[in-house]
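Got a structure here, written out as structure tokens. Questions coming.
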Amino acid sequence: MTRRTRRNNLISTLAVFGLAGAPAISSFAVVQHGKDPMITQSDMTLWQTIDAVVQNIPLTKAKVERVLVTRVAVKDTSKNPFRNAASQFYVGGPVKLSDGVVVGKVDLRIRYKFGHPGFLVLDELGGTCITLKTVRAHYPDLTVTEYPKGQSLDEAVGFSAFLEWGKLSFGFVERNPDCLAHVAFDPKTVEDNASHQ
């Protein structure tokens with residue numbers, strides 16, 4: 001009952017802003033999910049979400065919010081005591097995808113530099129376990145680009161695909177090495193694209 005009421009309220013709100021009939025990449029509903037009162041529900045799988053993010057490069061706050069059906073707020077995740085003068089940080093989530101994967105945190109970073117395409121991490125993945133074998137079924141040409149240094153169980157083994165638009169990385173943390181922990185999108189900058197032409 002609560003879910004339906006919230007969805008109807010959302011549709012009413014969208015209608016007021018003239019967005020109810022606008023084309024959307026993904027439909028969603030706000031649902032109660034354990035301790036997370038504001039998790040959103042996407043109708044896309046992890047793989048469809050990855051494709052949709054790639055189609056929206058260069059990344060902006062508005063594009064990421066639309067694709068991942070969640071709000072992202074300004075929050076510096078660098079743990080530096082001084083204000084970061086190089087990048088704007090945004091954090092959002094959680095989002096439950098249609099295949100049962102839960103994106104615990106959406107981490108977007110955009111440099112204060114013309115032509116920066118944004119850097120995005122779908123982090124703290126939970127729910128359905130995505131194995132390395134499953135990742136390789138979608139991206140067979142992976143290179144190991146990150147190794148744990150033995151200092152923490154939160155360190156990851158990273159596997160990256162180098163694609164036309166940039167680098168797509170899949171991280172498996174030592175704490176749970178059999179299940180995908182994060183997906184990172186590192187698009188080429190304007191300068192990178194110019195140097196390859």
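The values are calculated or read from the model by the stated rules, or taken from the named source; none is laboratory data. The structure presented is a predicted model; accordingly, all values stated were derived computationally and were not measured. Every residue, glycine among them, receives a Cβ derived from its backbone with ideal geometry; neighbour counts consider all protein chains shown.
Tell me the strands (runs of 3 or more DSSP E) entirely within segment 96-162 that contain at least 1 residues that are in contact with a strand residue (DSSP E or B) (Cβ under 7 Å, 6 or more places away or on another chain) and on the phi > 0 side of the Ramachandran plot.
Values: elements: 101-111, 119-127, 143-146.
Strands (runs of 3 or more DSSP E) meeting the threshold: 119-127.
Could you list, in sequence order, the residues of segment 102-157 that are surrounded by fewer than 14 Cβ atoms within 10 Å (Cβ to Cβ) and acidic (Asp, Glu)?
Listed by number, the residues that qualify are 141, 154.
Here is a yes/no grid of residues against (1) under 20 Å from residue 182 (Cα atoms); (2) at pLDDT below 50:
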| residue | (1), (2) |
| --- | --- |
| 7 | no, yes |
| 13 | no, yes |
| 32 | no, yes |
| 35 | no, no |
| 63 | yes, no |
| 67 | yes, no |
| 75 | yes, no |
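Could you say which residue among 167, 149 is among the basic types (Lys, Arg), out of contact with any helix residue (DSSP H, G or I) (no Cβ under 9 Å at 6 or more places or on another chain) and at pLDDT 95 or above?
Details: 149 fails: at pLDDT 95 or above.
Only one candidate passes the filter, namely 167.
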